[in-house]
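Peer 1: The structure follows.
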Amino acid sequence: MIVVNTETITGRKITEVLGMVRGNTIRAKHMGKDIMAGLRHMVGGELIEYTEMLSEAREEALNRMITEAEKLKADAIVNVRLTTSAVSGGAAEILAYGTAVKLD
């Protein structure tokens, strides 16, 4: 599956637009890691616990989007975007979306 954040794929022609596909997940760290991140926030530096959480969430959202495109028998997903929103303290939603297409 080709996944790009551009509207086209160099050297390929889009022959059919199958529609929008998306994948999302909401993630939170357990209380122990949340406390560690809180302490690190007070002294400064990267909040590793949240970096890991968001990285895992992005991968899951992208995989879910790709699965949805595969169900449509898509060859690629173009114009892919990712959004993040806070759901509650320590929890975030990641949404990946794009347009599933057939290629020549």
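Peer 1: Looking at (1) in a helix (DSSP H, G or I); (2) modelled with pLDDT of 90 or more, can you tell me which one ASN5 breaks?
Peer 2: (1)
Peer 1: Taking interchain pairs and intrachain pairs at least six residues apart, which have beta carbon atoms under 8 angstrom, with the first residue in segment 1-16 and surrounded by 10 or more Cβ atoms within 10 Å (Cβ to Cβ) and the second assigned to a strand (DSSP E or B) and of a type in the set (D, E, K, R)?
Peer 2: As it stands, the answer is ASN5/ARG81; ILE14/LYS102; THR15/LYS102; GLU16/LYS102, since those pairs meet every condition given.
Peer 1: Could you check ILE77 against (1) at pLDDT 90 or above; (2) farther than 12 Å from ILE2 by Cα; (3) in contact with a helix residue (DSSP H, G or I) (Cβ under 7 Å, 6 or more places away or on another chain); (4) not charged (D, E, K, R) and say which number it fails?
Peer 2: Status for ILE77: all satisfied but (2).
The values are calculated or read from the model by the stated rules, or taken from the named source; none is laboratory data. Note that the structure is a prediction, hence the values are computed from the model and not measured. Don't worry about glycine lacking a Cβ; one is built from the backbone with ideal geometry, like all the others, and counts go over all protein chains shown.
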